[in-house]
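So the structure is just underneath, and the comments pick up after that.
The values are calculated or read from the model by the stated rules, or taken from the named source; none is laboratory data. Keep in mind that this is a model prediction, so the values were computed, not measured. Cβ placement follows ideal geometry from the backbone for every residue including glycine, while neighbour counts extend to all protein chains displayed. Each accessible area value is taken on the protein alone, full model and side chains, heavy atoms only, with ligands, DNA and RNA left out. Shrake-Rupley method; radii C 1.70, N 1.55, O 1.52, S 1.80 Å.
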Amino acid sequence: MTQAEIKLCSLLLQEHFGEIVEKIGVHLIRTGSQPLRVIAHDTGTSLDQVKKALCVLIHHNLVIYHVHKRSVVEYEGQCSRVLRMLRYPRYIYTTKTLYSDTGELIVEELLLNGKMTMSAVVKKVADRLTETMEDGKTMDYAEVSNAFVRLADTHFVQRCPLVPDTSTSDPGPPPPAPTLVVNEKDMYLVPKLSLIGKGKRRRSSDEDAGEPKAKKPKHTDNKEPIPDDGIYWQVNLDRFHQHFRDQAIVSAVANRMDQTSSEIVRTMLRMSEITTPSSAPFTQPLSSNEIFRSLPVGYNISKQVLDQHLTLLADDPLEFIGKSGDSGGGMYVINLHKALASLATASLESVIQERFGSRCARIFRLVLQKKHLEQKQVEDCAMIPAKEAKDMLYKMLSENFISLQEIPKTPDHAPSRTFYLYTVNVLSAARMLLHRCYKSVANLIERRQFETKENKRLLEKSQRVEAIIASMQATGAEEVQLQEIEEMITAPERQQLETLKRNVNKLDASEIQVDETIFLLESYIESTMKRQ
(Lines give C-alpha, C1' and ligand atoms only; values in the text may rest on other atoms or scores of the structure.)
Protein backbone atom coordinates (compact mmCIF):
# COMPACT_ATOMS: atom_id res chain seq x y z
CA MET A 1 0.00 0.00 0.00
CA THR A 2 1.76 3.16 -1.17
CA GLN A 3 1.33 6.66 0.25
CA ALA A 4 -0.02 7.85 -3.13
CA GLU A 5 -2.84 5.26 -2.99
CA ILE A 6 -3.72 6.16 0.61
CA LYS A 7 -3.79 9.88 -0.23
CA LEU A 8 -6.04 9.27 -3.25
CA CYS A 9 -8.36 7.07 -1.14
CA SER A 10 -8.55 9.86 1.45
CA LEU A 11 -9.51 12.46 -1.18
CA LEU A 12 -12.15 10.19 -2.76
CA LEU A 13 -13.74 9.23 0.57
CA GLN A 14 -13.86 12.85 1.74
CA GLU A 15 -15.40 14.00 -1.55
CA HIS A 16 -18.10 11.32 -1.53
CA PHE A 17 -18.88 10.75 2.16
CA GLY A 18 -17.40 13.55 4.30
CA GLU A 19 -14.75 13.85 7.01
CA ILE A 20 -15.86 11.23 9.57
CA VAL A 21 -16.23 8.39 7.04
CA GLU A 22 -12.93 9.45 5.44
CA LYS A 23 -11.13 9.31 8.82
CA ILE A 24 -12.43 5.79 9.60
CA GLY A 25 -11.88 4.49 6.04
CA VAL A 26 -8.29 5.76 5.73
CA HIS A 27 -7.46 4.47 9.24
CA LEU A 28 -8.59 0.95 8.24
CA ILE A 29 -6.68 1.11 4.94
CA ARG A 30 -3.49 2.17 6.79
CA THR A 31 -3.69 -0.27 9.71
CA GLY A 32 -5.42 -3.33 8.27
CA SER A 33 -8.23 -5.20 10.08
CA GLN A 34 -9.24 -3.90 13.52
CA PRO A 35 -12.15 -4.43 15.96
CA LEU A 36 -14.73 -1.71 16.62
CA ARG A 37 -13.45 -0.39 19.95
CA VAL A 38 -9.83 -0.18 18.75
CA ILE A 39 -10.98 1.87 15.73
CA ALA A 40 -12.90 4.25 18.03
CA HIS A 41 -9.91 4.58 20.39
CA ASP A 42 -7.26 5.08 17.68
CA THR A 43 -9.27 7.63 15.67
CA GLY A 44 -10.61 9.50 18.73
CA THR A 45 -14.15 9.19 17.39
CA SER A 46 -17.25 8.28 19.43
CA LEU A 47 -18.46 4.68 19.17
CA ASP A 48 -21.78 5.77 17.70
CA GLN A 49 -20.11 7.75 14.89
CA VAL A 50 -17.74 4.84 14.13
CA LYS A 51 -20.73 2.47 13.84
CA LYS A 52 -22.52 4.83 11.45
CA ALA A 53 -19.36 5.33 9.36
CA LEU A 54 -18.78 1.55 9.16
CA CYS A 55 -22.42 1.04 8.12
CA VAL A 56 -21.91 3.46 5.20
CA LEU A 57 -18.59 1.87 4.18
CA ILE A 58 -19.94 -1.72 4.37
CA HIS A 59 -23.08 -0.71 2.45
CA HIS A 60 -20.87 0.60 -0.39
CA ASN A 61 -18.57 -2.51 -0.26
CA LEU A 62 -15.62 -0.34 0.83
CA VAL A 63 -15.10 -2.31 4.08
CA ILE A 64 -15.48 -6.03 4.78
CA TYR A 65 -15.66 -7.82 8.14
CA HIS A 66 -14.33 -11.13 9.52
CA VAL A 67 -15.43 -13.09 12.61
CA HIS A 68 -12.46 -14.58 14.48
CA LYS A 69 -12.40 -17.67 16.72
CA ARG A 70 -13.11 -15.72 19.90
CA SER A 71 -16.19 -14.15 18.30
CA VAL A 72 -14.36 -10.87 17.74
CA VAL A 73 -15.50 -9.00 14.62
CA GLU A 74 -12.72 -7.17 12.77
CA TYR A 75 -13.22 -4.64 9.97
CA GLU A 76 -10.87 -4.26 7.00
CA GLY A 77 -10.71 -1.44 4.44
CA GLN A 78 -10.68 -2.28 0.72
CA CYS A 79 -8.25 0.17 -0.90
CA SER A 80 -8.74 -1.21 -4.42
CA ARG A 81 -12.52 -0.83 -4.11
CA VAL A 82 -12.20 2.77 -2.87
CA LEU A 83 -10.05 3.61 -5.90
CA ARG A 84 -12.87 2.30 -8.16
CA MET A 85 -14.91 5.39 -7.17
CA LEU A 86 -12.65 7.31 -9.54
CA ARG A 87 -14.19 5.27 -12.38
CA TYR A 88 -17.87 5.94 -11.51
CA PRO A 89 -18.38 8.50 -14.33
CA ARG A 90 -17.01 5.98 -16.84
CA TYR A 91 -19.32 3.19 -15.62
CA ILE A 92 -22.33 5.53 -15.93
CA TYR A 93 -21.35 6.84 -19.37
CA THR A 94 -20.75 3.30 -20.68
CA THR A 95 -24.22 2.24 -19.54
CA LYS A 96 -25.69 5.31 -21.25
CA THR A 97 -24.10 4.33 -24.58
CA LEU A 98 -25.25 0.70 -24.26
CA TYR A 99 -28.68 1.03 -22.62
CA SER A 100 -29.68 4.71 -23.10
CA ASP A 101 -30.82 7.06 -20.31
CA THR A 102 -32.82 4.43 -18.40
CA GLY A 103 -29.83 2.11 -17.98
CA GLU A 104 -27.63 5.09 -17.11
CA LEU A 105 -29.89 6.15 -14.23
CA ILE A 106 -30.24 2.56 -12.92
CA VAL A 107 -26.43 2.21 -12.64
CA GLU A 108 -26.10 5.75 -11.23
CA GLU A 109 -28.64 5.01 -8.46
CA LEU A 110 -26.93 1.72 -7.57
CA LEU A 111 -23.49 3.38 -7.44
CA LEU A 112 -24.75 6.30 -5.33
CA ASN A 113 -26.65 4.07 -2.88
CA GLY A 114 -24.36 1.04 -2.79
CA LYS A 115 -27.14 -1.56 -2.66
CA MET A 116 -30.86 -1.28 -3.51
CA THR A 117 -33.82 -3.54 -4.19
CA MET A 118 -35.04 -3.75 -7.78
CA SER A 119 -38.45 -2.25 -6.92
CA ALA A 120 -36.83 0.77 -5.21
CA VAL A 121 -34.48 1.34 -8.18
CA VAL A 122 -37.32 1.09 -10.72
CA LYS A 123 -39.52 3.58 -8.84
CA LYS A 124 -36.69 6.05 -8.25
CA VAL A 125 -35.51 5.93 -11.88
CA ALA A 126 -39.08 6.24 -13.23
CA ASP A 127 -39.62 9.32 -11.03
CA ARG A 128 -36.34 10.90 -12.19
CA LEU A 129 -37.12 10.28 -15.87
CA THR A 130 -40.66 11.67 -15.44
CA GLU A 131 -39.15 14.87 -13.97
CA THR A 132 -37.23 15.45 -17.21
CA MET A 133 -40.19 14.77 -19.52
CA GLU A 134 -42.65 17.29 -20.88
CA ASP A 135 -45.81 18.00 -18.90
CA GLY A 136 -48.39 15.26 -19.33
CA LYS A 137 -45.82 12.53 -20.14
CA THR A 138 -44.67 9.91 -17.62
CA MET A 139 -42.24 6.97 -17.56
CA ASP A 140 -43.84 3.54 -17.14
CA TYR A 141 -42.40 1.21 -14.45
CA ALA A 142 -42.49 -1.70 -16.95
CA GLU A 143 -40.05 0.10 -19.28
CA VAL A 144 -37.53 0.68 -16.47
CA SER A 145 -37.97 -2.96 -15.32
CA ASN A 146 -37.12 -4.19 -18.84
CA ALA A 147 -33.92 -2.11 -18.84
CA PHE A 148 -33.01 -3.57 -15.40
CA VAL A 149 -33.60 -7.13 -16.72
CA ARG A 150 -31.33 -6.43 -19.72
CA LEU A 151 -28.57 -5.19 -17.39
CA ALA A 152 -28.92 -8.34 -15.25
CA ASP A 153 -28.94 -10.63 -18.33
CA THR A 154 -25.64 -9.12 -19.51
CA HIS A 155 -24.25 -9.32 -15.92
CA PHE A 156 -23.73 -5.55 -15.47
CA VAL A 157 -25.76 -5.73 -12.24
CA GLN A 158 -25.81 -8.66 -9.81
CA ARG A 159 -27.44 -9.76 -6.58
CA CYS A 160 -25.73 -9.03 -3.28
CA PRO A 161 -24.82 -11.90 -0.90
CA LEU A 162 -27.69 -12.70 1.50
CA VAL A 163 -27.98 -13.82 5.11
CA PRO A 164 -29.03 -17.52 4.92
CA ASP A 165 -32.41 -18.50 6.36
CA THR A 166 -31.72 -19.94 9.85
CA SER A 167 -35.33 -20.40 10.97
CA THR A 168 -35.12 -24.22 10.53
CA SER A 169 -31.78 -24.63 12.34
CA ASP A 170 -31.28 -25.15 16.07
CA PRO A 171 -32.25 -22.14 18.15
CA GLY A 172 -29.12 -20.81 19.77
CA PRO A 173 -27.30 -17.57 20.44
CA PRO A 174 -27.03 -15.45 17.26
CA PRO A 175 -23.53 -15.11 15.75
CA PRO A 176 -21.63 -11.85 16.43
CA ALA A 177 -21.89 -11.00 12.71
CA PRO A 178 -23.96 -12.59 9.93
CA THR A 179 -22.26 -14.84 7.38
CA LEU A 180 -23.32 -13.75 3.90
CA VAL A 181 -23.72 -16.39 1.19
CA VAL A 182 -24.35 -16.06 -2.52
CA ASN A 183 -25.88 -18.66 -4.82
CA GLU A 184 -24.01 -18.60 -8.15
CA LYS A 185 -27.13 -19.78 -10.04
CA ASP A 186 -29.31 -16.96 -8.69
CA MET A 187 -26.71 -14.17 -8.97
CA TYR A 188 -28.30 -12.71 -12.13
CA LEU A 189 -31.84 -14.04 -11.60
CA VAL A 190 -34.32 -11.15 -11.60
CA PRO A 191 -37.34 -11.63 -9.25
CA LYS A 192 -40.72 -11.70 -10.99
CA LEU A 193 -42.30 -8.41 -10.01
CA SER A 194 -45.56 -7.00 -11.30
CA LEU A 195 -44.62 -3.35 -10.96
CA ILE A 196 -47.59 -1.44 -12.34
CA GLY A 197 -47.52 2.34 -12.33
CA LYS A 198 -45.83 5.41 -13.67
CA GLY A 199 -43.21 7.83 -12.44
CA LYS A 200 -44.39 10.72 -10.29
CA ARG A 201 -43.31 14.34 -10.44
CA ARG A 202 -42.18 16.12 -7.32
CA ARG A 203 -44.83 18.39 -5.90
CA SER A 204 -44.21 22.11 -5.84
CA SER A 205 -43.23 23.66 -2.52
CA ASP A 206 -46.63 25.35 -2.29
CA GLU A 207 -48.51 22.05 -2.33
CA ASP A 208 -46.17 20.55 0.23
CA ALA A 209 -46.53 23.55 2.50
CA GLY A 210 -50.33 23.40 2.30
CA GLU A 211 -50.49 19.79 3.51
CA PRO A 212 -50.47 19.28 7.30
CA LYS A 213 -47.19 17.67 8.45
CA ALA A 214 -48.98 15.13 10.66
CA LYS A 215 -50.63 13.53 7.64
CA LYS A 216 -47.41 12.84 5.73
CA PRO A 217 -46.19 9.72 7.60
CA LYS A 218 -49.62 8.08 7.26
CA HIS A 219 -49.13 7.54 3.53
CA THR A 220 -46.63 4.74 4.20
CA ASP A 221 -48.64 2.88 6.86
CA ASN A 222 -51.03 0.86 4.70
CA LYS A 223 -48.62 -0.14 1.96
CA GLU A 224 -48.46 -3.76 0.80
CA PRO A 225 -45.28 -5.72 1.63
CA ILE A 226 -42.55 -5.27 -0.99
CA PRO A 227 -42.36 -8.46 -3.10
CA ASP A 228 -38.56 -8.39 -3.47
CA ASP A 229 -37.79 -7.33 0.11
CA GLY A 230 -34.33 -8.57 1.13
CA ILE A 231 -33.09 -9.13 -2.47
CA TYR A 232 -30.55 -6.37 -2.95
CA TRP A 233 -28.65 -5.55 -6.15
CA GLN A 234 -25.26 -3.95 -6.81
CA VAL A 235 -23.19 -2.98 -9.85
CA ASN A 236 -20.87 -5.73 -11.13
CA LEU A 237 -17.66 -3.74 -11.58
CA ASP A 238 -15.71 -6.74 -12.95
CA ARG A 239 -18.16 -7.00 -15.87
CA PHE A 240 -17.61 -3.30 -16.66
CA HIS A 241 -13.83 -3.84 -16.51
CA GLN A 242 -14.21 -6.74 -18.93
CA HIS A 243 -16.11 -4.43 -21.30
CA PHE A 244 -13.43 -1.69 -20.99
CA ARG A 245 -10.69 -4.25 -21.69
CA ASP A 246 -12.55 -5.55 -24.77
CA GLN A 247 -13.05 -1.99 -26.07
CA ALA A 248 -9.32 -1.26 -25.63
CA ILE A 249 -8.37 -4.44 -27.53
CA VAL A 250 -10.82 -3.66 -30.39
CA SER A 251 -9.49 -0.08 -30.62
CA ALA A 252 -5.87 -1.33 -30.69
CA VAL A 253 -6.65 -3.81 -33.51
CA ALA A 254 -8.43 -1.04 -35.49
CA ASN A 255 -5.35 1.21 -35.17
CA ARG A 256 -2.89 -1.53 -36.11
CA MET A 257 -4.84 -3.38 -38.83
CA ASP A 258 -8.15 -2.07 -40.20
CA GLN A 259 -11.83 -1.67 -39.34
CA THR A 260 -12.81 -5.13 -40.65
CA SER A 261 -10.24 -6.87 -38.41
CA SER A 262 -11.47 -4.88 -35.39
CA GLU A 263 -15.07 -5.90 -36.15
CA ILE A 264 -14.01 -9.58 -36.29
CA VAL A 265 -12.23 -9.25 -32.92
CA ARG A 266 -15.28 -7.43 -31.49
CA THR A 267 -17.50 -10.32 -32.62
CA MET A 268 -15.16 -12.90 -31.02
CA LEU A 269 -15.10 -10.95 -27.74
CA ARG A 270 -18.90 -10.57 -27.78
CA MET A 271 -19.34 -14.32 -28.31
CA SER A 272 -17.09 -15.18 -25.37
CA GLU A 273 -17.94 -12.36 -22.92
CA ILE A 274 -20.38 -14.49 -20.85
CA THR A 275 -18.55 -17.84 -21.24
CA THR A 276 -15.02 -16.56 -20.45
CA PRO A 277 -14.22 -15.41 -16.86
CA SER A 278 -12.88 -11.85 -16.66
CA SER A 279 -9.55 -13.10 -15.21
CA ALA A 280 -8.93 -15.78 -17.90
CA PRO A 281 -5.72 -15.39 -20.00
CA PHE A 282 -7.48 -16.68 -23.16
CA THR A 283 -11.03 -16.64 -24.53
CA GLN A 284 -12.83 -19.90 -25.33
CA PRO A 285 -11.79 -21.35 -28.75
CA LEU A 286 -14.14 -20.27 -31.55
CA SER A 287 -14.37 -21.82 -35.01
CA SER A 288 -14.19 -19.74 -38.17
CA ASN A 289 -17.70 -20.92 -39.11
CA GLU A 290 -19.12 -19.77 -35.71
CA ILE A 291 -17.46 -16.35 -36.08
CA PHE A 292 -18.86 -15.99 -39.63
CA ARG A 293 -22.41 -16.76 -38.45
CA SER A 294 -22.11 -14.30 -35.55
CA LEU A 295 -20.87 -11.28 -37.55
CA PRO A 296 -23.23 -8.26 -37.28
CA VAL A 297 -26.22 -8.18 -39.62
CA GLY A 298 -25.43 -6.07 -42.67
CA TYR A 299 -21.67 -6.60 -42.37
CA ASN A 300 -21.19 -8.07 -45.85
CA ILE A 301 -17.88 -9.93 -45.99
CA SER A 302 -17.43 -13.36 -47.52
CA LYS A 303 -16.16 -16.43 -45.65
CA GLN A 304 -12.95 -16.28 -47.71
CA VAL A 305 -12.26 -12.65 -46.65
CA LEU A 306 -12.96 -13.58 -43.00
CA ASP A 307 -10.43 -16.45 -43.17
CA GLN A 308 -7.84 -14.13 -44.72
CA HIS A 309 -8.29 -11.57 -41.92
CA LEU A 310 -8.12 -14.29 -39.23
CA THR A 311 -4.89 -15.64 -40.77
CA LEU A 312 -3.39 -12.11 -40.83
CA LEU A 313 -4.38 -11.55 -37.18
CA ALA A 314 -2.93 -14.93 -36.15
CA ASP A 315 0.38 -14.18 -37.99
CA ASP A 316 0.72 -10.66 -36.49
CA PRO A 317 3.81 -10.30 -34.20
CA LEU A 318 1.66 -8.88 -31.36
CA GLU A 319 -0.19 -12.26 -31.18
CA PHE A 320 -3.54 -10.84 -30.10
CA ILE A 321 -5.17 -13.79 -31.91
CA GLY A 322 -3.88 -17.36 -31.74
CA LYS A 323 -4.84 -20.46 -33.73
CA SER A 324 -5.63 -23.44 -31.50
CA GLY A 325 -6.85 -26.02 -34.04
CA ASP A 326 -8.07 -26.71 -37.58
CA SER A 327 -11.59 -28.07 -36.97
CA GLY A 328 -14.63 -26.04 -38.12
CA GLY A 329 -12.55 -24.02 -40.59
CA GLY A 330 -9.94 -23.26 -37.93
CA MET A 331 -10.23 -22.65 -34.16
CA TYR A 332 -9.13 -19.23 -32.90
CA VAL A 333 -8.63 -17.71 -29.44
CA ILE A 334 -7.87 -14.18 -28.27
CA ASN A 335 -4.75 -14.03 -26.09
CA LEU A 336 -6.04 -11.54 -23.52
CA HIS A 337 -2.82 -11.49 -21.47
CA LYS A 338 -0.62 -10.65 -24.48
CA ALA A 339 -3.13 -8.01 -25.58
CA LEU A 340 -2.98 -6.35 -22.13
CA ALA A 341 0.84 -6.58 -22.13
CA SER A 342 0.98 -4.85 -25.53
CA LEU A 343 -1.39 -2.09 -24.35
CA ALA A 344 0.64 -1.53 -21.15
CA THR A 345 3.88 -1.42 -23.17
CA ALA A 346 2.33 1.09 -25.58
CA SER A 347 1.43 3.30 -22.57
CA LEU A 348 5.05 3.14 -21.34
CA GLU A 349 6.38 4.02 -24.82
CA SER A 350 3.95 6.95 -25.06
CA VAL A 351 5.06 8.34 -21.67
CA ILE A 352 8.77 8.03 -22.62
CA GLN A 353 8.16 9.76 -25.97
CA GLU A 354 6.34 12.67 -24.27
CA ARG A 355 8.90 13.08 -21.47
CA PHE A 356 12.23 12.32 -23.16
CA GLY A 357 11.58 12.58 -26.91
CA SER A 358 11.38 10.22 -29.89
CA ARG A 359 15.05 9.11 -29.67
CA CYS A 360 14.57 7.80 -26.13
CA ALA A 361 11.41 6.02 -27.27
CA ARG A 362 13.47 4.40 -30.08
CA ILE A 363 16.06 3.15 -27.56
CA PHE A 364 13.31 1.87 -25.23
CA ARG A 365 11.62 -0.07 -28.07
CA LEU A 366 15.00 -1.49 -29.15
CA VAL A 367 15.90 -2.74 -25.64
CA LEU A 368 12.36 -4.11 -25.26
CA GLN A 369 12.64 -6.01 -28.54
CA LYS A 370 16.20 -7.36 -28.06
CA LYS A 371 15.69 -8.17 -24.32
CA HIS A 372 19.35 -7.50 -23.27
CA LEU A 373 21.83 -5.07 -24.82
CA GLU A 374 25.19 -3.56 -23.86
CA GLN A 375 25.67 0.19 -24.17
CA LYS A 376 27.80 -0.17 -27.34
CA GLN A 377 25.14 -2.37 -28.95
CA VAL A 378 22.45 0.20 -28.14
CA GLU A 379 24.49 2.96 -29.80
CA ASP A 380 25.09 0.87 -32.95
CA CYS A 381 21.55 -0.55 -33.33
CA ALA A 382 19.74 2.72 -32.55
CA MET A 383 22.18 4.70 -34.77
CA ILE A 384 22.56 7.43 -32.14
CA PRO A 385 25.93 9.05 -31.17
CA ALA A 386 27.60 7.48 -28.12
CA LYS A 387 27.34 10.56 -25.89
CA GLU A 388 23.61 11.07 -26.59
CA ALA A 389 22.80 7.36 -26.23
CA LYS A 390 24.62 7.19 -22.88
CA ASP A 391 22.79 10.30 -21.63
CA MET A 392 19.38 8.91 -22.68
CA LEU A 393 20.03 5.47 -21.19
CA TYR A 394 21.02 7.01 -17.83
CA LYS A 395 17.95 9.26 -17.87
CA MET A 396 15.61 6.29 -18.34
CA LEU A 397 17.60 4.25 -15.82
CA SER A 398 17.29 6.97 -13.17
CA GLU A 399 13.51 7.13 -13.79
CA ASN A 400 13.22 3.28 -13.51
CA PHE A 401 11.91 2.80 -17.06
CA ILE A 402 14.82 0.46 -17.85
CA SER A 403 17.08 -1.55 -15.53
CA LEU A 404 20.72 -2.65 -15.55
CA GLN A 405 21.69 -6.30 -15.17
CA GLU A 406 25.23 -7.27 -14.12
CA ILE A 407 26.72 -10.54 -15.42
CA PRO A 408 30.19 -11.08 -13.84
CA LYS A 409 32.84 -13.21 -15.55
CA THR A 410 34.55 -13.87 -12.21
CA PRO A 411 33.18 -14.34 -8.67
CA ASP A 412 34.77 -11.07 -7.42
CA HIS A 413 32.34 -8.90 -9.53
CA ALA A 414 35.22 -6.68 -10.70
CA PRO A 415 33.83 -3.94 -12.99
CA SER A 416 36.46 -4.61 -15.67
CA ARG A 417 35.37 -8.27 -15.83
CA THR A 418 31.60 -7.70 -15.75
CA PHE A 419 29.03 -7.36 -18.55
CA TYR A 420 26.49 -4.55 -17.98
CA LEU A 421 23.29 -5.25 -19.92
CA TYR A 422 20.33 -2.91 -20.25
CA THR A 423 16.91 -4.57 -20.08
CA VAL A 424 13.24 -3.60 -19.63
CA ASN A 425 11.27 -5.14 -16.78
CA VAL A 426 7.77 -4.26 -18.06
CA LEU A 427 6.04 -5.33 -14.82
CA SER A 428 8.32 -3.15 -12.65
CA ALA A 429 8.01 -0.17 -15.04
CA ALA A 430 4.20 -0.57 -15.13
CA ARG A 431 4.06 -0.53 -11.31
CA MET A 432 6.19 2.62 -11.21
CA LEU A 433 3.99 4.35 -13.82
CA LEU A 434 0.83 3.26 -11.96
CA HIS A 435 2.18 4.85 -8.77
CA ARG A 436 2.80 8.10 -10.69
CA CYS A 437 -0.72 7.97 -12.13
CA TYR A 438 -2.18 7.75 -8.60
CA LYS A 439 -0.13 10.81 -7.61
CA SER A 440 -1.29 12.67 -10.73
CA VAL A 441 -4.98 11.98 -10.03
CA ALA A 442 -4.58 13.09 -6.38
CA ASN A 443 -2.95 16.34 -7.61
CA LEU A 444 -5.77 16.91 -10.12
CA ILE A 445 -8.45 16.42 -7.43
CA GLU A 446 -6.64 18.78 -5.04
CA ARG A 447 -6.30 21.39 -7.79
CA ARG A 448 -10.01 21.13 -8.67
CA GLN A 449 -10.96 21.52 -5.00
CA PHE A 450 -8.64 24.55 -4.67
CA GLU A 451 -10.14 26.21 -7.78
CA THR A 452 -13.68 25.68 -6.44
CA LYS A 453 -12.76 26.90 -2.94
CA GLU A 454 -11.07 30.05 -4.27
CA ASN A 455 -14.23 31.00 -6.19
CA LYS A 456 -16.73 29.78 -3.58
CA ARG A 457 -18.36 33.19 -3.03
CA LEU A 458 -18.82 33.75 -6.76
CA LEU A 459 -20.28 30.26 -7.28
CA GLU A 460 -22.78 30.76 -4.44
CA LYS A 461 -23.83 34.11 -5.93
CA SER A 462 -24.28 32.50 -9.36
CA GLN A 463 -26.41 29.71 -7.87
CA ARG A 464 -28.61 32.24 -6.00
CA VAL A 465 -29.18 34.25 -9.19
CA GLU A 466 -30.03 31.10 -11.17
CA ALA A 467 -32.51 30.02 -8.47
CA ILE A 468 -34.21 33.47 -8.50
CA ILE A 469 -34.46 33.41 -12.32
CA ALA A 470 -35.90 29.87 -12.29
CA SER A 471 -38.56 30.79 -9.71
CA MET A 472 -39.46 34.00 -11.60
CA GLN A 473 -39.76 32.09 -14.89
CA ALA A 474 -42.10 29.61 -13.18
CA THR A 475 -44.35 32.50 -12.05
CA GLY A 476 -44.33 34.04 -15.55
CA ALA A 477 -42.11 37.09 -15.00
CA GLU A 478 -41.42 39.55 -17.81
CA GLU A 479 -38.22 39.55 -19.86
CA VAL A 480 -37.13 42.96 -18.47
CA GLN A 481 -37.32 41.68 -14.88
CA LEU A 482 -35.28 38.59 -15.74
CA GLN A 483 -32.64 40.75 -17.44
CA GLU A 484 -32.34 42.92 -14.32
CA ILE A 485 -31.70 39.85 -12.20
CA GLU A 486 -29.10 38.53 -14.66
CA GLU A 487 -27.25 41.87 -14.44
CA MET A 488 -26.59 41.19 -10.74
CA ILE A 489 -23.55 39.23 -12.01
CA THR A 490 -21.16 41.75 -13.60
CA ALA A 491 -19.22 41.15 -16.83
CA PRO A 492 -15.84 40.49 -15.06
CA GLU A 493 -17.59 38.04 -12.69
CA ARG A 494 -19.22 36.26 -15.64
CA GLN A 495 -15.83 35.99 -17.35
CA GLN A 496 -14.31 34.62 -14.13
CA LEU A 497 -17.09 32.00 -13.94
CA GLU A 498 -16.43 30.97 -17.55
CA THR A 499 -12.70 30.57 -16.83
CA LEU A 500 -13.45 28.52 -13.69
CA LYS A 501 -15.88 26.29 -15.59
CA ARG A 502 -13.32 25.74 -18.37
CA ASN A 503 -10.54 24.89 -15.86
CA VAL A 504 -12.74 22.49 -13.85
CA ASN A 505 -13.86 20.74 -17.06
CA LYS A 506 -10.22 20.34 -18.12
CA LEU A 507 -9.29 18.88 -14.72
CA ASP A 508 -12.28 16.48 -14.81
CA ALA A 509 -11.36 15.32 -18.33
CA SER A 510 -7.73 14.83 -17.22
CA GLU A 511 -8.86 12.66 -14.27
CA ILE A 512 -10.81 10.40 -16.64
CA GLN A 513 -7.90 10.18 -19.10
CA VAL A 514 -5.40 9.26 -16.37
CA ASP A 515 -7.87 6.68 -15.06
CA GLU A 516 -7.89 5.01 -18.51
CA THR A 517 -4.11 4.54 -18.19
CA ILE A 518 -4.57 3.31 -14.59
CA PHE A 519 -7.08 0.73 -15.80
CA LEU A 520 -4.74 -0.66 -18.49
CA LEU A 521 -1.77 -0.86 -16.09
CA GLU A 522 -3.83 -2.44 -13.28
CA SER A 523 -5.31 -5.01 -15.69
CA TYR A 524 -1.85 -5.94 -16.99
CA ILE A 525 -0.33 -6.23 -13.48
CA GLU A 526 -3.28 -8.33 -12.25
CA SER A 527 -3.10 -10.62 -15.31
CA THR A 528 0.69 -11.07 -14.90
CA MET A 529 0.43 -11.86 -11.17
CA LYS A 530 -2.19 -14.56 -11.87
CA ARG A 531 0.10 -16.24 -14.40
CA GLN A 532 3.09 -16.38 -12.02
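Determine, for each peptide in 91-102, 292-303, the mean count of other beta carbons within 10 angstrom over its residues, then list the peptides with the highest first.
91-102, 292-303
Eigenvalues of the Cα gyration tensor times 5, then square-rooted: what semi-axes does that give for the stretch 471-512, in whole angstrom, largest first?
For the stretch 471-512, the ellipsoid semi-axes come out as 31, 14, 5 Å.
Quick one: pull the percent of accessible area on the chain belonging to carbon and sulfur, 1.4 Å probe, ligands and nucleic acids left out.
Ligands and nucleic acids excluded, carbon and sulfur reach 51 percent.
Where does the charge balance sit around Arg365 when Lys and Arg score +1, Asp and Glu -1, over other residues with C-beta under 14 Å from its C-beta?
After counting each charged neighbour, the total is +3.
For the ranges 456-462, 74-80, 517-523, what's the packing order if you count other beta-carbon atoms within 10 Å of each residue, average per peptide, and put the highest first?
For the peptides 456-462, 74-80, 517-523, the packing ranking is 517-523, 74-80, 456-462.
Taking the C-alpha atoms of the chain, how large are the radius of gyration and the largest Cα-Cα span, Dmax, in Å?
28.7, 94
Just report the Cα centroid separation between the stretch 226-287 and the stretch 300-368, whole Å.
So the two Cα centres are separated by 18 Å.
Given the convex hull over the Cα atoms of the stretch 383-522, what projected area results after averaging over all orientations, in nm²?
Answer in nm², one decimal: 15.5.
Between the helical axis of 426-454 and the dominant principal axis of the chain, each derived from Cα atoms, what acute angle in degrees is found, rounded to the nearest 10?
Computed tilt is about 40 degrees.
If the chain between Ser251 and Ala346 were fully stretched, how many nm would it gain, using 0.36 nm times the residue separation less the Cα-Cα distance?
Answer, rounded to one decimal: 32.9 nm.
Using a probe radius of 1.4 Å on heavy atoms only, what accessible surface per residue do you get for the chain? Whole Å² is fine.
About 57 Å² of surface per residue is accessible.
Counting alpha carbon pairs within less than 8 Å and at least 6 residues apart, what relative contact order, in whole percent, applies to the chain?
This gives 11 percent for the chain.
Tell me which of Leu310, Ala442, Val190 sits at the most positive position along the dipole axis of the chain, charges placed on C-beta atoms (Lys, Arg +1; Asp, Glu -1).
Checked the options; the winner is Ala442.
Hey, rough spin-label estimate for Ile196 and Lys501, points 7 angstrom out along Cα→Cβ, what's it come to in nanometres?
Once both label points are built, they end up 4.6 nm from each other.
Taking every pair of Cα atoms in the stretch 53-110, average 1/r, invert it to obtain the Kirkwood radius, and report Rg/Rh to two decimals.
1.18
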